[in-house]
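Novice: Please read through the structure below; I'll follow up with questions.
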Amino acid sequence: MSDPYETTEHHLDRLLRRALNSFDLPDSTVDRLGTALAHSSSLHSSHHSSALHRETYRHTYLLADGSALTLWELVHSGGRDVRIPRRHELYEDEGDARIAASRLAGGLSDAPAFGDEGVQEGQGELEMLTLLMSAPSAPLPRTYAPDNSADHARRVLRRAENADRPGERKARLLRSAFAHHITQIFGRQCRVDGRSAGFTLYEHAFLLLDGSETSLWEVEHTATPDGRHMCEVYESEHTARAAMESRTRIC
């Protein structure tokens, strides 16, 4: 992927411009990238099927202070469907890139729709989705990782598009987060209004300086009029699951 004739400045500018979520990168990271002297890019992983083409690239930059900084770029399109353009997403953390890739390959685009096995479309599929969403999640041990957790919380809240997302009170509380743990709770493909849509639910659990814990519940779905990916964030699992049910038009 590297172009030996492309300057690092031009490469970085092109990378940031094409990424749909470049605004999620911390300002401190963008400032450090401004001192990049050289770069190297390589293909980290890929997946190709009739429904999805996905590649993850690793971009490593040598900075003026002698340190290195790595960005992870996720590139995906609708496989053989040329009407779906290539989309680029950019992540500073490999774990975030891996979650985004699993959302495409496992949680969303590659998962079979319920109707693929001959089940009647419509109410039956939506009832199955409701059943899966209502099932309690199995408790898993948490291993908190101290990794710019307050900034991670800020980015999760920033990308939320729902009007009833957590407000300033929750944002102030999360400023004291020093470690976090991300768990995928639910992921399924179903049919909404006669077309395929994907739903994924994540819990972002945070450990605060006073020893207490709090969570953000993130719903990612493609149940939008144009099929684009949308992110919604809620304060409780119950509210997040209710929002998914509402998206499937189940009363």
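The values are calculated or read from the model by the stated rules, or taken from the named source; none is laboratory data. Remember, it's a predicted structure, so these values are computed and weren't measured experimentally. Using ideal geometry, Cβ is built from the backbone for each residue, glycine included, and neighbour counts are taken over all protein chains shown.
Novice: Residues that are among the acidic types (Asp, Glu) and under 18 Å from residue 104 (Cα atoms): does the stretch 155-176 have at least one?
Specialist: no
Novice: Then there's this: Give the stretch 1-25 a look and list any residue that's closer than 18 Å to residue 100 by Cα and either assigned to a helix (DSSP H, G or I) or not aliphatic (A, V, I, L, M) (or both), or say none.
Specialist: Those that are closer than 18 Å to residue 100 by Cα and either assigned to a helix (DSSP H, G or I) or not aliphatic (A, V, I, L, M) (or both): 15, 16, 18, 21, 22, 23, 24.
Novice: For the stretch 188-246, which positions are assigned to a loop (DSSP other than H, G, I, E, B) and under 18 Å from the mean Cα position of the chain (by Cα)?
Specialist: Once the filter is applied, which keeps residues that are assigned to a loop (DSSP other than H, G, I, E, B) and under 18 Å from the mean Cα position of the chain (by Cα), the stretch 188-246 yields 222, 223, 224, 227, 228, 229, 235.
Novice: Can you tell me how many residues within the stretch 79-118 are at pLDDT below 80 and in a helix (DSSP H, G or I)?
Specialist: Count: 10.
Novice: Considering only the stretch 34-67, how many residues are polar (S, T, N, Q), assigned to a loop (DSSP other than H, G, I, E, B) and free of Cβ contacts under 8 Å to residues at least 60 places away in the same chain?
Specialist: 3
Novice: For residues that are more than 19 Å from residue 99 (Cα to Cα) and either buried (at least 21 other Cβ atoms within 10 Å of the Cβ) or of a type in the set (Asp, Glu) (or both), tally how many sit in the stretch 224-235.
Specialist: Counting residues in the stretch 224-235 that are more than 19 Å from residue 99 (Cα to Cα) and either buried (at least 21 other Cβ atoms within 10 Å of the Cβ) or of a type in the set (Asp, Glu) (or both) gives 2.
Here's the yes/no breakdown for (1) at pLDDT 90 or above; (2) buried (at least 16 other Cβ atoms within 10 Å of the Cβ); (3) β-branched (Val, Ile, Thr); (4) closer than 28 Å to residue 94 by Cβ:
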{"site": "155", "(1), (2), (3), (4)": "yes, yes, no, yes"}
{"site": "158", "(1), (2), (3), (4)": "yes, no, no, yes"}
{"site": "183", "(1), (2), (3), (4)": "no, no, yes, yes"}
{"site": "189", "(1), (2), (3), (4)": "no, yes, no, yes"}
{"site": "217", "(1), (2), (3), (4)": "yes, yes, no, yes"}
{"site": "237", "(1), (2), (3), (4)": "yes, yes, no, yes"}
{"site": "240", "(1), (2), (3), (4)": "yes, yes, no, yes"}
{"site": "250", "(1), (2), (3), (4)": "no, no, yes, no"}
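Novice: Same structure again: Among (1) modelled with pLDDT of 85 or more; (2) out of contact with any Leu (no Cβ under 7 Å at 6 or more places or on another chain); (3) surrounded by 14 or more Cβ atoms within 10 Å (Cβ to Cβ), where does residue 167 come up short?
Specialist: Of (1) modelled with pLDDT of 85 or more; (2) out of contact with any Leu (no Cβ under 7 Å at 6 or more places or on another chain); (3) surrounded by 14 or more Cβ atoms within 10 Å (Cβ to Cβ), only one is false for residue 167: (3).
Novice: Pick from 196, 212: which is buried (at least 20 other Cβ atoms within 10 Å of the Cβ) and not aromatic (Phe, Trp, Tyr)?
Specialist: Every option except 196 fails the conditions.
Novice: I've got another one for you. Residue 128 versus (1) more than 21 Å from residue 216 (Cβ to Cβ); (2) modelled with pLDDT of 50 or more; (3) surrounded by 13 or more Cβ atoms within 10 Å (Cβ to Cβ): which is the lone unmet condition?
Specialist: (2) is the only condition that residue 128 fails.
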